[in-house]
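The values are calculated or read from the model by the stated rules, or taken from the named source; none is laboratory data. Bear in mind the structure is a predicted one, so any value in this text is a computation, not a measurement. Cβ placement follows ideal geometry from the backbone for every residue including glycine, while neighbour counts extend to all protein chains displayed. Side chains are part of the model used for accessible areas, which takes the heavy atoms of the whole protein and leaves out ligands, DNA and RNA. Shrake-Rupley method; radii C 1.70, N 1.55, O 1.52, S 1.80 Å.
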Amino acid sequence: MKSRDQTTTDLFTFLETLPRASLLSIFSDPSRGQYAAKTILQKLPELGRQFTIRLSVCGGSFPYAKIADWSAKTTKKDVKMALSRMQALSVIDPVVKRSEEEMLGSANKSANTLDNIDPKCIVSLSKPFYAAIKMSLTSLTPAPYPELTQHELDTFIQNEKKNPRGEKKYP
């Protein structure tokens, strides 16, 4: 996570600096949550995007062992990195980790275990992110600002023809 002292250059960089509670609050906001969720989705690693879309159409949660199987052509390290990135950006709820005793007792028993992630745990999209990404994926509005009407566009074009150097100020 970047320090707050650094200047941000885009929305995604800004979102990376926010704590989990703030991100969840943004995802919950009806006026901006779907756009923040879409921004996060677009900037996730490819595997993270795949997991996010699949989870969103599977009801928001799925067993970890099955998710790890979704990516047969990728390494366990790639799966872990994608899930870690998703967790850091509050896309998924924190993944339950096995206790040290369980890890020592079951060393080398499970091929689906990534370090200390419990293979029996359920990976779930955070509730606010899940609601926001569903809204984003089903929305016909691609941007957080309204589209220009044909009349507004025609007016802009006429004004540009009259004042090609941009001398006219628009309201």
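Could you please report the charge total around Ser25, scoring K, R as +1 and D, E as -1 over all other residues with beta-carbon less than 13 angstrom from its beta-carbon? Walk me through the numbers on the way to the answer.
On the way: positive: Arg20, Arg32, Lys127; negative: Asp29.
Net of charged neighbours comes to +2.
Accessible area per residue was computed with a 1.4 Å probe on protein heavy atoms; Tyr64 scores about 0 Å². Note on Arg49 and Arg32: the extension gain reaches 4.1 nm, defined as 0.36 nm multiplied by sequence separation minus the Cα-Cα distance.
For region 6-59, a crude dipole built from +1 on the beta carbon of Lys and Arg and -1 on the beta carbon of Asp and Glu, taken about the Cα centre, is about 140 debye to the nearest 20.
Take Thr149: with every protein chain present and a 1.4 Å probe, its accessible area is about 70 Å². Charge tally around Ser56: other residues with Cβ under 15 Å, Lys/Arg +1 each, Asp/Glu -1 each, net +4.
How charged is the neighbourhood of Ser90? Take every other residue with its Cβ under 15 Å from the Cβ of Ser90, and add Lys/Arg as +1 and Asp/Glu as -1.
On the way: positive: Arg20, Arg32, Lys38, Lys43, Arg85, Lys127; negative: Glu16, Asp29, Asp93.
Spelling it out: positives minus negatives among the neighbours equals +3.
Across the protein chains, with a 1.4 Å probe defining accessible surface, the residues Lys162, Lys73, Lys120 rank Lys73, Lys120, Lys162 from largest area downward.
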